[in-house]
Amino acid sequence: MLLPAAWAQAPSLSALAPSLEEADGPAPPKRELRAFWIATVANIDWPNQRGEAPEHYRREYRRLLDAGQRAGLNAVFVQIRPVSDAFYKSDLEPWSKYLTGRQGKAPAEGDDPLPFLIAEAHRHGMEFHAWFNPYRATMDSVTRTLAPLHPLKRHPDWFIKYSNQYLYNPGLPDVRAHITRVIMDVVRRYDIDGVHFDDYFYPYPEVGQVFHDELAYQNQNPDKLGLADWRRQNVNVLIRDLNDSIRSAKRWVKFGISPFGVWMNKSADPLGSDTRAGQPSYSNLYADSRLWLKEGWIDYIAPQLYWSTKFRLVPYATLLEWWTRNHFDRHLYIGHGTYRMLESTRSDTTWRTGRELPRQIRLNRDYPGDVHGSIFFSAKSVATNPLHTTDSLRLDLYRAPALVPVMPWLDSLAPRPVRELVLNRTARVTTLTWTPDLVPAADGDLAAYYVLYRFERGQVMGPNDPRRILAVVRPTNLGQPGTFADTTAQAGLAYAYYLTAVDRLHNESIPVRVFTEGKLPVEVLAAAPPAVATKPPVAARPAPRPPVAATPRPQPHPAADAVKTKPKEKPRRRGFFARLFGLK
């Protein structure tokens, strides 16, 4: 692969697009989130050891992303704030002990890992979602090792000791303000693609333990709500206000949550699922995830459906079907418990076979308009290839690359296509170069990356089949010329190449096309530059939503109206190749 030094492209992206034939069965979805969680708390996934030198933890991170890329993933969720600490430079909270070995101690060489984590994810063709645990302050009750910057040292009245841990009190406005301030500091200073919460809100109830928030309940309850409703309101206010803050700062940053998989059992609430889960999130964790979706306060939900298809109390298929009816036009990603394949538990032995994960993904795809992808917990359970399930992803279910699904309520306008596409073909290598359009689309967006398709004789033309994706190319910086060397094109064969421009919210432009018949020893061909309408439609930037707003319905994709091409004059004679590819 030949690329200018300023470009960064995942080294194996071209290998993701071999000539996959229709005989392999239906094509995988072209749009599908495929991701894993990288857990840093207790060093579950990364870094391998605390206190490593930056070059060591960088190498380990690359290895995880390499494994995810080989499996066909296109997003990563990295835990950067596990216990009110930081995997990045912060004036609000201390460095994490899971990174440096001692809380508050900075990494060697003054390193800030987060820019590297983001850039490396993008280089691997992955979105980067910053994963925050909002309410957890410690993993134990030992406070003497906390750094002076830790909020528990400065504001002990914000916290409640529960089950040998310290947790933020969600009922305090100062707590919500601090959590929002921490997250927005990252949103503003770093080039993340999303803000992500997991399933920890109010703590999971434990026998003999009481969460003593009586004083806050008495002083911070102007509506005189019952305790359960008041607790849910505290979480709702944080979710609502944080969403508004993110929208105001960076309209392209997504906000999503991965709650416990059961909202409510049907036996306790007629709107709930036909399950018998012991800790429903609505009643036990005071997390009303269904409301967040209904009000449009989050962009996606990723319920943790960690049970197998044969687990009687909470069957996977039953719960999956419930979520397809309750995501309210927001994206639904399924959290899969792939870590269960590494366990020796007897509670759900179906996970001990390599067939369970493929079965779950196929069930997801039975709801193509509702299930938008999968997230695997955790990265090690993908990287270590347990029961050869990662091989199953790579060779079958994820055998063609996928683009991240679009979110039309955030952005539905495609970037402008490239201005120039040139093909230079010799006997062994076909080199394509292009010049991006530096004029932004009507919403101000430039292309963030490019998708190159290749078609052979007899194949259906058009950028809808992911098996025809030859490469996904993402520049380090916007507006740089691009180059891709196709070393797999066979001499003497005719090909058509389509190139599309894609913005960071994954809206795809109309393609620019170039065709070669491969009959000459050397070919140099140029695609005609697309003509842009003189007065493109004006797309207003979305304003922050009011405190409570109905979920906006997705709008039709206006890319074809925003960028138009001039019709070519019909040639007097058309050869076989022109007829095959539908050229005018």
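The values are calculated or read from the model by the stated rules, or taken from the named source; none is laboratory data. Only a predicted model underlies this, so the values are computations on that prediction, with no experimental measurement involved. Positions of Cβ are backbone-derived with ideal geometry, glycine not excepted, and every protein chain shown enters the neighbour counts. What goes into the accessible areas is simple: the full protein's heavy atoms, side chains included, and nothing from ligands, DNA or RNA. Shrake-Rupley method; radii C 1.70, N 1.55, O 1.52, S 1.80 Å.
Tell me whether the stretch 462-469 contains one or more residues that are assigned to a strand (DSSP E or B) and touching a residue at least 12 places away in the same chain (Cβ under 8 Å). Within the stretch 462-469 (the criterion being assigned to a strand (DSSP E or B) and touching a residue at least 12 places away in the same chain (Cβ under 8 Å)), the answer is yes, since at least one residue qualifies.
So for the stretch 212-220 (the condition being closer than 30 Å to His336 by Cβ, surrounded by fewer than 18 Cβ atoms within 10 Å (Cβ to Cβ) and at pLDDT 95 or above), does at least one residue qualify? Full working, then the answer.
First, pick out the residues of the stretch 212-220 that are closer than 30 Å to His336 by Cβ: none.
No, that holds for no residue.
Quickly run through the stretch 245-274 and pick out the residues that are open to solvent by 10 Å² or more (accessible area, probe 1.4 Å), of a type outside the set (A, V, I, L, M, F, W, C) and not in a loop (DSSP other than H, G, I, E, B). Hits for the stretch 245-274 are Ser245, Arg247, Ser248, Asn265.
Residue by residue, here is whether (1) closer than 23 Å to Gly373 by Cα; (2) of a type in the set (Asp, Glu); (3) at pLDDT 95 or above holds:
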| site | (1), (2), (3) |
| --- | --- |
| Ala27 | yes, no, no |
| Phe36 | yes, no, yes |
| Val41 | no, no, yes |
| Trp46 | no, no, yes |
| Asp66 | yes, yes, yes |
| Arg70 | yes, no, yes |
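One residue stands out among those in the stretch 350-395 that are out of contact with any strand residue (DSSP E or B) (no Cβ under 6 Å at 6 or more places or on another chain) and either on the phi > 0 side of the Ramachandran plot or aromatic (Phe, Trp, Tyr) (or both): the one that is surrounded by the most Cβ atoms within 10 Å (Cβ to Cβ), which is Trp351.
Considering only residues that are touching a Lys or Arg at 6+ places or on another chain (Cβ under 9 Å), under 20 Å from Ile239 (Cβ atoms) and either of a type in the set (Phe, Trp, Tyr) or assigned to a helix (DSSP H, G or I) (or both), which ones fall in the stretch 157-176?
Tyr168
Among the residues of the stretch 398-409, are any open to solvent by 40 Å² or more (accessible area, probe 1.4 Å), in contact with a Lys or Arg (Cβ under 8 Å, 6 or more places away or on another chain), within 30 Å of Ala494 (Cβ to Cβ) and modelled with pLDDT of 95 or more? No: zero hits. Within the stretch 139-156, being touching a Lys or Arg at 6+ places or on another chain (Cβ under 9 Å) and either of a type in the set (Lys, Arg) or in contact (Cβ under 8 Å) with a residue 40 or more places away in the chain (or both) holds for Thr145, Leu146, Ala147, Pro148.
When the stretch 233-264 is filtered for residues that are in contact with a Gly (Cβ under 6 Å, 6 or more places away or on another chain) and free of Cβ contacts under 8 Å to residues at least 40 places away in the same chain, only Met264 remains. Scanning the stretch 57-102 for residues that are open to solvent by 20 Å² or more (accessible area, probe 1.4 Å) and either hydroxyl-bearing (Ser, Thr, Tyr) or assigned to a loop (DSSP other than H, G, I, E, B) (or both), which turns out nearest to Asn169 (Cα to Cα)? Of everything passing the filter in the stretch 57-102, Leu92 is nearest to Asn169 (Cα to Cα). Looking at the stretch 295-324, which of its residues are open to solvent by 20 Å² or more (accessible area, probe 1.4 Å), within 18 Å of Phe377 (Cα to Cα) and part of a loop (DSSP other than H, G, I, E, B)? Correct list: Tyr306, Trp307, Thr309. Summed over the stretch 404-432, the residues that are within 29 Å of the chain's Cα centre (by Cα) and polar (S, T, N, Q) give a count of 1. Looking at the stretch 106-125 only, could you name the residues that are open to solvent by 10 Å² or more (accessible area, probe 1.4 Å), farther than 18 Å from Gly68 by Cβ and either free of Cβ contacts under 8 Å to residues at least 40 places away in the same chain or assigned to a helix (DSSP H, G or I) (or both)? Matches in the stretch 106-125: Ala106, Ala108, Glu109, Gly110, Asp112, Pro115. Against the numbered list (1) under 25 Å from Val187 (Cα atoms); (2) exposed (fewer than 15 other Cβ atoms within 10 Å of the Cβ), Arg144 comes up short only at (1). Scanning the stretch 250-272 for residues being more than 17 Å from Trp323 (Cβ to Cβ) and under 22 Å from the mean Cα position of the chain (by Cα) gives a total of 6.
Do we have any residue at all in the stretch 346-355 that's within 29 Å of Glu206 (Cα to Cα) and touching a residue at least 60 places away in the same chain (Cβ under 8 Å)? Among the residues of the stretch 346-355, not one is within 29 Å of Glu206 (Cα to Cα) and touching a residue at least 60 places away in the same chain (Cβ under 8 Å), which makes the answer no.
For the stretch 486-507, filtered to residues that are open to solvent by less than 10 Å² (accessible area, probe 1.4 Å) and part of a strand (DSSP E or B), the residue that is nearest to Phe128 (Cα to Cα) is Val502.
Is it true that Ala277 is touching a residue at least 60 places away in the same chain (Cβ under 8 Å), open to solvent by less than 20 Å² (accessible area, probe 1.4 Å) and either over 18 Å from Arg340 (Cβ atoms) or in contact with a strand residue (DSSP E or B) (Cβ under 9 Å, 6 or more places away or on another chain) (or both)? Criteria not met by Ala277. Looking across Lys161, Lys153, one residue alone is farther than 21 Å from Ser90 by Cβ, at pLDDT 95 or above and either over 29 Å from the mean Cα position of the chain (by Cα) or open to solvent by 40 Å² or more (accessible area, probe 1.4 Å) (or both). It is Lys161. Could you grab me the full set of residues in the stretch 22-44 that are farther than 11 Å from Tyr98 by Cα and either assigned to a loop (DSSP other than H, G, I, E, B) or in contact with a Cys (Cβ under 9 Å, 6 or more places away or on another chain) (or both)? Hits for the stretch 22-44 are Gly25, Pro26, Ala27, Pro28, Pro29, Lys30, Glu32.
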